[in-house]
1. So how far, in whole Å, is the C-alpha centre of region B:201-223 from the one of region A:97-114?
2. About the Cα centre of region B:131-266, what is the dipole size in debye to 20, counting +1 per Lys and Arg Cβ and -1 per Asp and Glu Cβ, all else neutral?
3. Whose amide H sits under 5 Å from the amide H of A:Ile248, counting only residues 5 or more places off or on another chain, with H placed in the peptide plane?
4. Report the FRET efficiency, 1/(1 + (r/R0)^6), for A:Glu324 and B:Ser180, where r is their Cβ-Cβ distance and R0 is 41 Å, rounded to 0.05.
5. Could you pull out every one of the lysines with an alpha carbon less than 22 Å from that of A:Lys46, ignoring same-chain neighbours closer than 8 positions?
6. How big is region A:178-224 by Rg and Dmax over its Cα atoms, in Å?
7. Given a Förster radius of 60 Å and the C-beta distance between B:Leu81 and A:Thr314 as r, what FRET efficiency does 1/(1 + (r/R0)^6) yield to the nearest 0.05?
8. Which one, B:Met193, B:Met88, B:Met218, has the greatest fluctuation when you compute a Gaussian network model over chain B with C-alpha springs under 10 angstrom?
Amino acid sequence: MALLEIRDLHLSMRSYDGEAHVLNGIDLALERGQIRGLVGETGCGKSLTGLSVSRLVATPPGHYARGEILFDGRNLMTLDDRAMRKLRGTRIGMIFQDPTTNLNPAFRVGEQMIDVALHAAAADVDVLGLGATASRRDKRVAAHRLAVEMLRKVGIRDPEQRVDDYPHQFSGGMRQRVLIAMALIGRPDLLIADEPTTALDVTVQAQILKLIRELVAELDLAVLLITHNLGVVAQVCSHVSVMYAGNIVEDGEVASVFRVPRHPYTTALLGAVPRAHLGRGELRGLAGVVPDLIKPPPGCRFEPRCPLAIEACTAGRPPLMLIETGHSAACIRVAERAP
Amino acid sequence: MTLLAVDKVRKVYRPRKRDGEVVALDDVSLALDAGECLGLVGESGSGKSTLARLILALEAPTSGTISYRGNELTTLPAADLLRLREKMQIVFQDPYASLNPRMTVQDIVAEPLVIHERNRPMSARARRDRVVDLLATVGLKREHLWRFPHEFSGGQRQRICIARALALEPEFLILDEPTSALDVSVQAQVLNMLQDLQQRLKLTYLFISHDLGVIRYMADRVTVMQHGRIVETGATEAVFRAPQTDYAKGLIAASAGSDLDVIASA
């Protein structure tokens, strides 16, 4: 069974202009050992999907009309705040885009990591390798040792010294490593990484992505990697879900989806990335604009911009249809577009 | 013909006396021919933006010279420098930060014309017409004149920035990461527009980016910088196909776009 399974998740946001339907029936499954890229453009709902899994969307203004988020068989939508808080940091780890704003500048990184470790230990004593009766002092010492060990694991040199440094003493890439170490210190099963390398240089980005891949292999993690960068997906992910305007429009193994995209939006997105073989003027932009999510198009949300749209496309949301093993697309014309 | 020549430029900052000095640029030389697009790549802190600031004469080099059409920037009288500035313009990375939120599009795009009014007198009506022309050039409409920056999307804002940069009919544009803040589909539109403008208005570009795919698409030649030095320069395809230095090789190998090519072509 999948570690994480999102079924028909609907989220709307109340605003002055009306209800915006930001997630319109999300289906997604993730297993241990997989890195699933969740890719799409600004405002498509990819971050909200990630935040929904860790239940960090405030309600109100958010409102979940329908849907389930099954994590290890438990429906997270029915858990209360306390139960959810126990999961965060222990079973579900998170890292975000900007490593600078996600560390407290006033505390040593070790101090911040120890906090997380002790929080995790409160839910699961095994994290520190101590018995339930260990004194507070022993726990702190163990948490400190664990912090050093995690920093070493993510490739920070001299972790015994660095653990006492402040965030500003680390470079951007090193800070992101600290955040990854902190997210993994409670030994989570699921890591949600929201644009983890967007603020970094390409060589540092490649190192961080390699690190994530190694950690997945070593710890049997499942990773949901949220990004707008198709190149990052190609570099590190095993699977990919493509989002457009609150829907998953295509889903499958990375190689299959990128080689033969079956949804016209995926095709368009891939055509907009500057690539080696392209000559002058050959880059294809996408005509039109993203639909208004308060009054979305009645049928397929991509229909107004789609070069293949026909009358029938306006008649209701196309479901994700399985095309071949491990590859599905939400387009009624998918059968006509033989690869 | 050489439009811009940077010769053995060194720039040293001394943040605080006791901290010693930071060498931002060290022995940097490059030349730009009229009509070409030179791509400048390198990681954060490699000196790309410092070089842009020196070329625009916003700061003076510690040593070395920069000349535009044979005029050395540091020795130029202020009045001549002002005239020269009409010819050199810049578009910045973040269209959310580089437009004044309290000005209308009309005022933003007209501002260079107002600043340089002494050199090019213009009636208010003529100025308005020029702004409308400029907006049309970048694909915006007359009805946008009275709107404020927050009413536009990222791609539209970058178009406003480009219209402003074109107001004084420049010959040379520095594009400092002009599409880094944009989505790929919007980036594609802006890049194609920049190529089109370059041809139509006979512009010379210095295109700064950390995205190697974008550089490869835009640039005729490419210069790679590391720690304030130029490590490699050459024709774009030559550098991408057969990088000479280890640093350039590493940079190209690390670029995420190359993995996309590998997967898609397999």
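Since every read-out is calculated from the coordinates, none of them should be taken as a lab result. No experiment lies behind these values; they were computed from the predicted model shown. As a convention, Cβ positions derive from the backbone with ideal geometry for all residues, glycine included, and neighbour counts pool all protein chains shown.
1. 37
2. Numbers: 13 positive and 16 negative charges, 54 e Å.
Here region B:131-266 has a charge dipole of around 260 debye.
3. When sequence neighbours closer than 5 places are left aside, the close amide H contacts are A:Asp27.
4. Details: r = 36 Å, r/R0 = 0.89.
For R0 = 41 Å, the calculated efficiency reads 0.65.
5. A:Lys295
6. Every Cα atom of region A:178-224 included, Rg and Dmax give 10.5, 29 Å.
7. Values: r = 59 Å, r/R0 = 0.99.
Taking R0 as 60 Å, the efficiency between B:Leu81 and A:Thr314 is 0.50.
8. B:Met193
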